[in-house]
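Data first, discussion second: the structure below is written as structure tokens.
The values are calculated or read from the model by the stated rules, or taken from the named source; none is laboratory data. On a predicted model such as this, the values are computed, not experimentally measured, just so you know. Ideal geometry is used to build each Cβ from the backbone, glycine not excepted, and the neighbour counts take in all protein chains shown.
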Amino acid sequence: MDTVKKVDLDWSKLGFSYIKTDKRFIAHWKDGRWDEGRLTEDNKIHIDEGSTAVHYGQQAFEGLKAYQAKDGRVLIFRPDQNAKRLIKSAIDVVMQPVPEDMFIRAVRAVVKANLHWVPPYGTGASFYLRPFLIGVGENMGVRAAPEYLFSVFGAPVGPYFKGGLAPVNFITSERDRAAPHGTGHAKVGGNYGASLLAHHNAKEAGYADCIYLDPLTHTKIEEVGAANFFGITKDGVFVTPKSPSILPSITKYSLMEVAQRYLNMKVEERDVLIDGLDEFAEAGACGTAAVISPIGSITHNGKKHVFGDGQTVGTLTRKLYDTLTGIQYGDIEGPEDWMVEV
Ligand code: PLP
Ligand code: COI
């Protein structure tokens, strides 16, 4: 595997952008069954104009990464967790779920078919995979689609937030990405459509992204853009919000395990009050794309709360980052079944 000739790219300069790679997987559900699916070079999808995905947001997606290890192996981080979450999201918007074994077969096939696009070890980049499931077929009224399309494509990526492991600044949003009893816990497109204006406004105002508060009371932190929030208290406890409208981040649950098992830290999943940020010495955003992005400051109601000096990465944040990425790149032995070899 280490003899694969790589494409000519400046790997360490990559951002989080679309790059057309060679092959993607596509499968179709019709008449009660999924077909086998196939790899194709065509990056355009041809779907019915009445597709529910186009009109009614009947769709869900995932994001996961493959990493090249020092010895040349290519490892995918916890694909079973993404497969399970896509099943849950599908059920939430009444779609035909993709069986876990099919999801994992598709993801592996896409990595295998694009090995020359997987960033070499040591560049800090990784291969991002984007599985998606959409309602398609002839339709007009608001109802579940008669057919479904499942596809997985991938691209080499660098950091999602500028600078990678460098603190960035956020501002709270007055808008919500999800409703108190809505689809916030599912990875469905509607949540992201609803978030675009808040994201745009935050960027226009010079922030990396916005922070969403709980939609019912606007007093508790929920999400940091397209990532989960964590804070580290002055006594070194890893704290992360708990709410039914937060997307259950696989990175966040992995970090909780890393914090406990590798760093001997206490972890708590509970309310995080926007007016109670003084309890934290460090804070960060975490997710597949974001990895860990330290939070330098949060502006809320015109007041700026700065973590530490706002510029230095906290000691425990760095340890969490080093341990998690060490596991992902195969340098540190991870918990059983976390890394799946292609
Ligand atoms: N929250 C939102 C809204 C997201 O889009 C993501 C990205 O997937 C996350 C959190 C982080 O989740 P994960 O760690 O599973 O990528
Ligand atoms: C991810 O981290 O996989 C995401 O989905 C974040 C964003 C690019 C939507």
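Scanning the range 249-282 for residues that are assigned to a helix (DSSP H, G or I) and in contact with a helix residue (DSSP H, G or I) (Cβ under 7 Å, 6 or more places away or on another chain) yields ILE250, SER254, LEU255, VAL258, ALA259. Residues in the range 198-212 that are closer than 16 Å to SER297 by Cβ and within 15 Å of ligand 1 (Cβ to nearest atom): ALA202, ALA208, ASP209, CYS210, ILE211. Scanning the range 209-230 for residues that are of a type outside the set (Phe, Trp, Tyr) and away from ligand 2 (no atom under 13 Å from the Cβ) returns CYS210, ILE211, LEU213, ASP214, PRO215, LEU216, THR217, HIS218, THR219, LYS220, ILE221, GLU222.
Inspect all residues belonging to the range 3-11 and state whether any of them is hydroxyl-bearing (Ser, Thr, Tyr), exposed (fewer than 14 other Cβ atoms within 10 Å of the Cβ) and either modelled with pLDDT under 95 or not assigned by TED's automatic domain parsing to the domain that holds GLU147 (or both).
Yes - at least one qualifying residue is present in the range 3-11.
Selection over the range 264-311 of residues that are buried (at least 17 other Cβ atoms within 10 Å of the Cβ) and in contact with a Pro (Cβ under 9 Å, 6 or more places away or on another chain) gives a count of 15. Which one is nearest to ALA69 (Cα to Cα), of the residues in the range 305-342 that are of a type in the set (Ser, Thr, Tyr) and assigned to a loop (DSSP other than H, G, I, E, B)? The extreme case among them is TYR329. Of all residue pairs spaced 6 or more apart or on separate chains, those with beta-carbon atoms under 6 Å, a first member in the range 64-83 that is over 23 Å from PRO97 (Cα atoms) and a second member that is assigned to a helix (DSSP H, G or I) and within 16 Å of ligand 1 (Cβ to nearest atom) are TYR67/GLN328. Go through the residues of the range 165-176 one by one and say whether even a single one is hydrophobic (A, V, I, L, M, F, W, C) and more than 27 Å from SER297 (Cα to Cα). Looking for residues that are hydrophobic (A, V, I, L, M, F, W, C) and more than 27 Å from SER297 (Cα to Cα), one finds none in the range 165-176, hence no. If you scan the range 66-75, which residues turn out to be buried (at least 24 other Cβ atoms within 10 Å of the Cβ) and either within 16 Å of ligand 2 (Cβ to nearest atom) or part of a loop (DSSP other than H, G, I, E, B) (or both)? ALA66 - this is the single residue of the range 66-75 that is buried (at least 24 other Cβ atoms within 10 Å of the Cβ) and either within 16 Å of ligand 2 (Cβ to nearest atom) or part of a loop (DSSP other than H, G, I, E, B) (or both). Against the list (1) aromatic (Phe, Trp, Tyr); (2) more than 14 Å from ligand 2 (Cβ to nearest atom); (3) more than 23 Å from GLU174 (Cα to Cα), the condition TYR253 fails is (2). The set of residues in the range 41-62 being within 19 Å of the chain's Cα centre (by Cα) and surrounded by fewer than 19 Cβ atoms within 10 Å (Cβ to Cβ) consists of PHE61 alone.
Restricting attention to the range 14-40, the residues being in a loop (DSSP other than H, G, I, E, B) and either outside the structural domain of VAL98 (by TED's automatic domain parsing) or in contact with a strand residue (DSSP E or B) (Cβ under 8 Å, 6 or more places away or on another chain) (or both) number 12. Residues that are free of Cβ contacts under 8 Å to residues at least 40 places away in the same chain and assigned to a loop (DSSP other than H, G, I, E, B) occur in the range 48-56; there is at least one.
Taking the range 144-239 as the region of interest, the strands (runs of 3 or more DSSP E) fully inside it that hold 3 or more residues being in the same structural domain as VAL98 (by TED's automatic domain parsing), buried (at least 24 other Cβ atoms within 10 Å of the Cβ) and at pLDDT 95 or above are 147-157. Annotation for the range 161-170: no member residue is more than 23 Å from THR317 (Cβ to Cβ) and touching a residue at least 12 places away in the same chain (Cβ under 8 Å).
When the range 175-197 is filtered for residues that are more than 15 Å from ligand 1 (Cβ to nearest atom) and touching a residue at least 40 places away in the same chain (Cβ under 8 Å), the ones remaining, listed by number, are PRO180, HIS181. Looking at this structure, is TYR321 aromatic (Phe, Trp, Tyr) and away from ligand 1 (no atom under 16 Å from the Cβ)? No: the conditions fail for TYR321.
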